[in-house]
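Everything below concerns the one structure shown next.
The values are calculated or read from the model by the stated rules, or taken from the named source; none is laboratory data. Everything numeric in this text was worked out from a predicted model, so none of it was measured. Counting neighbours? That spans all protein chains shown, and the Cβs are built from the backbone with ideal geometry, glycine included. Calculation scope for accessible area: heavy atoms of the full protein, side chains included, ligands and nucleic acids excluded. Shrake-Rupley method; radii C 1.70, N 1.55, O 1.52, S 1.80 Å.
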Amino acid sequence: MSRPERSEEVELVETRAKRGHTVSVNDEPTWLGVARRAVDQSTSVRAQRAWWDDQARDYYREHGDFLGDADLVWGPEGWHESQLNVLGDVSGLRVLEIGAGAAQGSRYLQSVGAQVVATDLSGGMLAQGRAINARRGDGGPPLIQCDGARLPFADRSCDVIFTAYGVMPFVEDAAGVIAEAARVLRPGGLLAFATTHPLRWALPDAPGAEGLTVTASYFDRTPYVEEDENGSVTYVEHHRTIGDWVSHIVGAGLLLQDVIEPDWPATNSQVWGGWSPMRGRLIPGTAIFTARRAERPA
């Protein structure tokens, strides 16, 4: 894949990007090329694994206090599962977290009685999870490294599959990820995932007033791409519209249950990348989709 020509759409920037924290190498800012261009699934997987492996410690250092070590926080707004009750009563249920990061959400669900397994593409993120387990001394959930689009679990083996900003924004084949989750869910099982609200892609990724003016087409699905000095992809985020997500869910044979657009709580004064109290009072930053596998075939 050749590197695109530098232009207004491909420029060198010191980026805090959509993920909301500084890219660094040896604690020094890294200058990257930023583009909007097509990236296939295998390239996305390679880039995400390497990026999250490299950034796992910094990410935990920056956001660990906000996320907690044993809590399920659904997004930068700061809403907790104990407040939103997206998953309902999980006591005794078999629960799978994909894109678990350091498995904070899985630890929370384990604490309320679920039988949980946490998975992530990144060995670096799971290493953070193992360190938390060791520090807490309570065992913690099992941690498995795998691709969310290729789950090493049997058909109909889980009651709940969830992810809070894991997997979905980072894969080219989101429809395949949802279909894979549908395969692993038992009849009546629940899929819940939080991702960047699609509206955000039409706006600049800035926390202030400059982030409130539409500057791009909502319908442009071209991924956001970061490249190194050799033009190799180092990080990707993919955009889908609300309609795309609904089509992926329905196409996997799941029944759409809800689309939750959390407002910004008055208690949260934190700025996280383009998320901020000012913007959060006006536009949604997160969308949480829930869907169920039918109890019996149609």
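Less than 13 Å Cβ to Cβ from residue 146, Lys/Arg counted +1 and Asp/Glu -1: what total charge do the surrounding residues give?
Here the charged neighbours net out to -2.
Along the charge dipole of region 176-298, pointing to its positive end and built from +1/-1 on Cβ of Lys, Arg, Asp and Glu, which listed residue (272, 177, 216) has its Cα farthest out?
Farthest along the dipole direction, towards plus: 177.
Please arrange 77, 180 by accessible surface area, largest first, computed with a 1.4 Å probe and ligands excluded.
Descending order: 180, 77.
Count neighbours as other Cβ atoms within 10 Å of each site's Cβ, and list the trypsin sites (Lys or Arg not before Pro) in region 199-289 that are DSSP loop with at most 10 such neighbours.
Hits after loop and neighbour filter: 281.
Rounded to the nearest 500 deg cm²/dmol, what is the calculated helix-only ellipticity per residue at 222 nm for the chain, with -39500 (n - 2.57) per DSSP H run of length n ≥ 4?
So the helix-based figure for the chain works out to -8000 deg cm²/dmol.
Relative to the present Cα-Cα distance, how much length would full extension add between residue 229 and residue 255 at 0.36 nm per residue of separation?
Taking residue 229 through residue 255 to full extension adds about 4.9 nm, to one decimal.
Run the numbers for residue 58 and residue 130: contour at 0.36 nm per residue of separation, minus the present Cα-Cα distance, in nm. Kindly include the intermediate steps, with their values, before the conclusion.
On the way: separation 72, 0.36 × 72 = 25.92 nm, distance 1.59 nm.
Difference between extended and current length: 24.3 nm.
Please state the relative contact order of the chain as a whole percent: Cα pairs under 8 Å, 6+ residues apart?
It comes to 21 percent, rounded to a whole number.
Leaving out ligands, DNA and RNA, and with a 1.4 Å probe, what % of the accessible surface on region 161-266 is carbon or sulfur?
Carbon-and-sulfur percentage of accessible area, whole number: 55.
Under a 1.4 angstrom probe, counting protein chains only, how are 290, 267, 215 ranked by accessible area, largest first?
267, 215, 290
Enter the Cα centre distance for the pair region 221-298 and region 130-154, rounded to the nearest angstrom.
Answer, in whole Å: 23.
When ligands, DNA and RNA are left out and all protein chains stay put, how many square angstrom of accessible area per residue does region 74-173 have with a 1.4 Å probe?
I get 38 Å² per residue for region 74-173.
With 10 Å bins from zero, work out the P(r) of region 222-266 over every alpha carbon pair and list the percent per bin.
Distribution as computed: 21, 29, 28, 19, 3 percent.
Classify region 88-128 as rounded, prolate or oblate from the Cα gyration tensor: take a ≥ b ≥ c as the square roots of its eigenvalues, call it rounded if a/c is under 1.5, otherwise prolate when a/b beats b/c and oblate if not.
In terms of gyration-tensor shape, prolate.
Kyte-Doolittle cut-off 1.0, length cut-off 30 Å along the helix's own axis using Cα: show which whole DSSP H helices in the chain pass.
none
What shape does region 63-202 take by its C-alpha gyration tensor, where a ≥ b ≥ c are the square roots of the eigenvalues and a/c under 1.5 counts as rounded, a/b above b/c as prolate, and the rest as oblate?
It is rounded, given that a/c, with a ≥ b ≥ c, falls under 1.5.
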